[in-house]
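Peer 1: Right, I'll just put the structure down here and ask away after.
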Amino acid sequence: MPVPGSDPTAVFGRRVGAFVIDSLVVLVPGVAIASTQYTSFDTSSTGMDGTDFCDEYIEQEGGTCFSFGDTAYYSDATFDAASLAPLGFSLLLFVVLQGLTGWTVGKVLLGLRTVKEDGSVVGIGKALVRWLLLVIDSLPCLGLVGLITAGTSTGHRRVGDMAAKTYVVRADRAGTPVVVPGGAAVVPAPAAPYAGAPAGSGWGGAPGPTPTGGGAQWDAARGAYIQWDATEGRWLQWDDASQSWSPIPGQ
C-alpha cells in the first residue's frame, strides 16, 4: 500500500538501474545485427592505427569504417539498413512500448512506470518527446545532464520529463495523480471524468455555491461539485446539506 504523503518519484536509484537494463536490451541485439555488415581488420600489421586506416579506407573506397585501438571495422556500403538496428530497437522500447504501457523492460523489472501528471499512461507522443530529448540528457557524457536534473529537481525529472510533463513513479502509484511533497502545488485532477461517471457527465450546467477547496469542478450530471483527493486517492463529492466532502459511491 502507498504511504500517504510519500514521494512516488523518489526512485532515482531504480531509474538508473532500469536505464542500464534498457540500454543493454537495445544495444546487445542492435549492435549484433549491425556488426554483421562489417569486416574486422587488425591494422597493426600495416603500421597504422585504426583511425588512420579508416581515414584512408573511406577516402579510397567511400564506404564506412570505425575503429577501436588497432582494430578497424569496415564495410563497402555507405549505408545499410542493419546499421539502424539499435535505433529501431530504441524506438520500439522507449517510444512504442513505453508510450502504450508506461513501462520498459528495465522499468517493469524494477517496479517503475512512466506516467503523465494525472497518473495515466504516458502515450506515444509524450514518450517520443522524452526519447528525442535523451540527446540533451546525455550531455556532456554518460547522461550527466539527466543524472543531475533527475537527482536534484522536484519530482526527480530529467529534461525530457520536464518537456513532456511526465514523471517516473513506483508501479503502485501509477493511475493516480502525481503529488510531490514540497512541490509548488498539487497536480491538477485528471481532465477526463472519473471512473464510473454517469452517462452525459461533463463540466457545465448551473453550478451551485462554490464549496471550500481549490480543485473543485462542477459535474452537471450529478448536480454537484467533485474533486480529486490525492491523500485518499479517490474522487469526492460536495454535499450541500452537511457542507462537507464525501466519497463518490463506487469510487
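Derivation of every value follows stated rules applied to the coordinates shown; laboratory data play no part. Computed from a prediction, not measured in an experiment: that's the story for all the values here. Counting neighbours? That spans all protein chains shown, and the Cβs are built from the backbone with ideal geometry, glycine included.
Peer 1: Taking the Cβ of SER44 as the center, what net charge do the other residues with Cβ under 13 Å away carry, scoring Lys and Arg +1 and Asp and Glu -1?
Peer 2: Working: positive: none; negative: ASP42, ASP49, ASP52, ASP70.
Every neighbour counted, the sum reads -4.
Peer 1: What ³J(HN,Hα) values, in whole Hz, does the Karplus curve 6.51 cos²θ - 1.76 cosθ + 1.60 give for segment 171-178 when θ = phi - 60°, with x put for Gly and Pro?
Peer 2: With the stated coefficients, segment 171-178 comes to 4, 6, 9, 5, x, 10, x, 7 Hz.
Peer 1: Here is a follow-up. When Lys and Arg each count +1 and Asp and Glu each count -1, what net charge do the other residues less than 11 Å away from GLN98, Cβ to Cβ, add up to? Kindly include the intermediate steps, with their values, before the conclusion.
Peer 2: Values: positive: LYS107, ARG113, LYS126, ARG130; negative: ASP22.
The answer is +3.
Peer 1: Around GLY119, with a cut-off of 12 angstrom between Cβ atoms, what is the net charge of the other residues, counting Lys and Arg +1 and Asp and Glu -1? If you can, show how the numbers build up before the last one.
Peer 2: Details: positive: ARG113, LYS116, ARG170, ARG173; negative: GLU117, ASP118, ASP172.
For residues surrounding GLY119, the net value is +1.
Peer 1: Further, regarding this structure: Taking a temperature of 20 °C and a viscosity of 1.002 mPa s, what whole-number D in µm²/s does Stokes-Einstein yield for segment 38-79 with Rh from Kirkwood over alpha carbon pairs?
Peer 2: On the way: Rh = 9.8 Å.
Diffusion coefficient, whole number: 219 µm²/s.
Peer 1: Still on this model: Find the Cα radius of gyration of segment 1-73, compare it with 2.2 N^0.38 Å by division, and give the number to two decimals. Present the calculation step by step, with values, prior to reporting the outcome.
Peer 2: On the way: Rg = 21.4 Å, N = 73, 2.2 N^0.38 = 11.2 Å.
That works out to 1.91 for segment 1-73.
Peer 1: Please list, in chain and number order, the residues 5+ apart from GLN37 or on another chain whose amide H is under 5 Å from its amide H, with Hs placed from the backbone.
Peer 2: Amide H to amide H, under 5 Å and 5 or more residues apart or across chains, GLN37 pairs with nothing.
Peer 1: Can you put CYS141, CYS54 in order of Cβ neighbours within 10 angstrom, beginning with the fewest?
Peer 2: Values: CYS141 7, CYS54 21.
Arranged by neighbour count, lowest to highest, CYS141, CYS54 become CYS141, CYS54.
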